[in-house]
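Engineer: The structure's right below; bear with me while I get my questions together.
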Ligand SMILES: Cc1ncc(COP(=O)(O)O)c(C=O)c1O
């Protein structure tokens with residue numbers, strides 16, 4: 001167990017035992033460092049974990065105090081039960097309508113999929129963009145055609161090592177964000193009419209890709225902490241001609257779930273036995289709250305069947321549209337698709353990101369970003385406890401910036417969305433993440449913004465909306 005987790009667990013046990021009672025002051029960070037021989041970062045992390053679980057409350061300029069919320073934690077969302085059988089998907093209209101509401105800067109962005117721009121190193125990126133454009137060898141516009149700039153592919157391959165993954169630069173194709181990598185992967189391994197296994201719920205862009213390419217979705221049940229149910233997937237493989245799986249095995253969007261390592265290994269083995277490619281969407285890989293990164297399923301791939309899709313959009317440079325696919329045995333086919341669809345990924349952007357990575361400082365930026373996201377998560381969970389009526393379900397994820405909230409069964413998430421938007425607040429309603437309009441009582445909240453009184457007030461307003469809808473039935 002990580003040191004901060006062990007420390008948080010020790011302190012939680014002391015609170016549960018009644019040695020430290022609600023309202024009492026917790027040891028200061030400095031005192032914890034001295035007594036427990038841990039670094040300030042470990043002590044802070046431990047307090048964030050305790051705060052997320054309701055064991056402590058932090059009071060500005062005063063320190064940490066024992067809270068009460070741990071005595072009645074919200075329940076976990078239930079295992080999902082999508083209808084059996086594959087289906088065509090018609091989701092785009094609903095998704096576009098809802099996304100339209102999120103674009104307005106005046107709207108509180110709890111429904112947005114984007115983290116706050118305030119968390120990213122714009123000035124340094126701009127410097128690299130300027131200097132790389134000035135210094136760029138015009139011949140590199142030819143040399144960096146797909147699979148993409150050599151140096152950048154080497155840098156990405158080296159970063160995989162920290163995730164316990166051996167990826168050769170040769171299997172990496174640079175793309176315009178993860179979304180292009182995912183779409184190219186899907187086109188590479190399927191044809192119109194094929195059936196694709198996906199998680200229920202899943203990221204709406206996955207549903208839109210399935211719709212757009214004339215495929216059929218087979219929704220597989222998931223658990224809120226661990227993600228896809230492998231037994232259900234195995235049964236589905238026995239019954240359907242599944243041509244590919246598109247899964248998010250780490251910090252799943254929208255659930256926040258992470259498939260444990262042994263299950264990732266089992267997943268890859270199961271799919272290899274049936275020669276089914278896995279399109280692994282790992283857009284949030286760098287946003288882990290633990291010090292250690294989480295291994296992707298790709299780390300267990302011996303057959304070259306995992307097409308692992310990554311991006312800098314969520315962790316470094318939103319809007320630069322730089323991502324990649326590490327496509328295993330499908331790399332060459334994917335590269336050809338890339339050439340026939342958009343030819344190349346913007347070359348000055350490839351140079352700029354490569355130069356940023358070469359200069360150093362990326363890891364320091366990531367540490368700050370992860371810490372900010374963990375704090376924001378804790379603040380959002382605290383706001384939910386304070387403002388939401390009892391009966392909602394949630395699991396604090398170990399990374400990313402989403403919270404998936406299951407509301408009481410009689411609360412309609414589309415109504416929550418409509419009424420909240422009326423109050424200038426967006427939420428992402430559950431049906432956006434379903435092939436068949438399911439998850440009617442679920443919403444996804446974005447915690448990717450520094451926590452402010454405005455956000456706290458928005459959660460309070462949402463709480464009132466939920467209470468009203470729950471009573472109105
Ligand atoms: C799960 C998931 N995958 C992929 C993407 C797309 O990433 P990119 O912006 O790099 O195309 C997103 C963006 O919201 C996402 O949430």
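Engineer: Suppose a student asked you for the relative contact order of the chain, using Cα pairs under 8 Å spaced at least 6 residues apart; what percent would you report?
Structural biologist: Relative contact order, the chain: 21 percent.
Engineer: Further question: Residue 65 to residue 456: FRET efficiency via 1/(1 + (r/R0)^6), r the Cβ-Cβ distance, R0 22 Å, to the nearest 0.05?
Structural biologist: E between residue 65 and residue 456, to the nearest 0.05, is 0.75.
Engineer: Let me ask something else about it. Would you mind computing the Rg to Rh ratio of the chain from its alpha-carbon coordinates, Kirkwood style for Rh?
Structural biologist: Using Cα coordinates only, the ratio equals 0.97.
Engineer: With the convex hull built on the Cα atoms of region 187-234, state its orientation-averaged projected area in nm².
Structural biologist: Hull-based average projected area comes out at 3.5 nm².
Engineer: Once the Cα atoms of helix 347-359 and of the chain are each reduced to a long axis, what angle between those two axes, in degrees from 0 to 90 to the nearest 10, is obtained?
Structural biologist: The angle comes out near 50 degrees.
Engineer: Principal axis extents for region 1-137, Cα atoms only, whole Å, descending order, please.
Structural biologist: For region 1-137, the Cα extents along the three principal axes come out at 57, 55, 33 Å.
Engineer: Please determine, in degrees from 0 to 90 and to the nearest 10, the orientation of helix 150-162 with respect to the longest principal axis defined by the Cα atoms of the chain, where the helix direction is its Cα long axis.
Structural biologist: The answer is roughly 40 degrees.
Engineer: Sticking with this one: Would you kindly calculate the mean projected area, averaged across all directions, of the convex hull enclosing the Cα atoms of region 138-230, in square nanometres?
Structural biologist: It is 8.0 nm².
Engineer: Quick check on the chain: helices-only [θ] at 222 nm, where DSSP H runs of length 4 and up contribute -39,500 (n - 2.57) each and the sum goes over total residues. Nearest 500, please.
Structural biologist: That comes out to -13500 deg cm²/dmol.
Engineer: Still on this model: Relative to the compact globular guide of 2.2 N^0.38 Å, what is the alpha carbon radius of gyration of region 66-154, as a ratio?
Structural biologist: This ratio for region 66-154 stands at 1.91.
Engineer: Ratio of region 337-473's C-alpha Rg to 2.2 N^0.38 Å, to two decimals?
Structural biologist: In units of the 2.2 N^0.38 Å rule of thumb, it is 1.35.
Engineer: Right, another one. With the crude spin-label approximation of a point 7 Å out along Cα→Cβ, what separation in nm comes out for residue 114 versus residue 358?
Structural biologist: For residue 114 paired with residue 358, the spin-label model returns 3.0 nm.
Engineer: Once you order the gyration tensor axes a ≥ b ≥ c over the Cα atoms, which shape class does region 142-295 get: rounded for a/c under 1.5, otherwise prolate or oblate by comparing a/b with b/c?
Structural biologist: Numbers: a/c = 1.75, a/b = 1.24, b/c = 1.41.
Oblate, because a/c is 1.5 or more while a/b does not exceed b/c.
Engineer: Roughly speaking, what is the stretch gain from residue 90 to residue 332, that is 0.36 nm per residue apart minus the C-alpha to C-alpha distance, in nm to one decimal?
Structural biologist: Difference between extended and current length: 84.0 nm.
Engineer: Hey, another quick one. How far, in degrees from 0 to 90, does helix 413-422 lean away from the longest principal axis of the Cα atoms of the chain, to the nearest 10?
Structural biologist: With both axes taken from Cα atoms, the answer is about 80 degrees.
Engineer: Please work out how much length the chain gains when fully extended from residue 368 to residue 103, using 0.36 nm per residue of separation minus the C-alpha to C-alpha distance, in nm with one decimal.
Structural biologist: Gain on extension, residue 368 to residue 103, equals 92.8 nm.
Engineer: Run the Debye formula on the Cα coordinates of region 67-108, all scatterers equal and no solvent, and tell me log10 I(q)/I(0) at q = 0.26, 0.27, 0.34 1/Å.
Structural biologist: These q points yield log10 I(q)/I(0) values of -0.91, -0.94, -1.11.
Engineer: Going by a ≥ b ≥ c, the root eigenvalues of the Cα gyration tensor, does region 222-353 fall in the rounded group (a/c under 1.5), the prolate group (a/b larger than b/c) or the oblate group?
Structural biologist: Judged from the Cα gyration tensor, region 222-353 comes out oblate (a/c at least 1.5, b/c at or above a/b).
Engineer: Continuing with the same structure: Fully extended, how many nm does the chain gain between residue 79 and residue 34 (0.36 nm per residue separation, minus their Cα-Cα distance)?
Structural biologist: Additional length available on full extension: 11.9 nm.
Engineer: If you take the Cα atoms of region 413-470, find Rg, then find the Kirkwood Rh from the mean of 1/r over all pairs, what is Rg/Rh?
Structural biologist: That ratio equals 0.99.
Engineer: Here is a further query. So how far apart, in nm, are the two label points at residue 141 and residue 339 if each is 7 Å from Cα heading toward Cβ?
Structural biologist: With each label point 7 Å from Cα toward Cβ, the separation is 1.9 nm.
Engineer: How many angstrom separate the Cα center of region 422-453 from the Cα center of region 23-70?
Structural biologist: Value for the Cα centre distance between the two parts: 30 Å.
Engineer: Pairs of alpha-carbon atoms within less than 8 angstrom and 6+ residues apart define the contacts here; what relative contact order does region 320-473 have, in percent?
Structural biologist: 24 percent
Rule-based calculations on the coordinates, nothing more; no lab input. Values in this document were obtained by computation on a predicted structure and should not be read as measured data. Note that we place each Cβ from the backbone using ideal geometry, even for glycine, and neighbour counts take in every protein chain shown.
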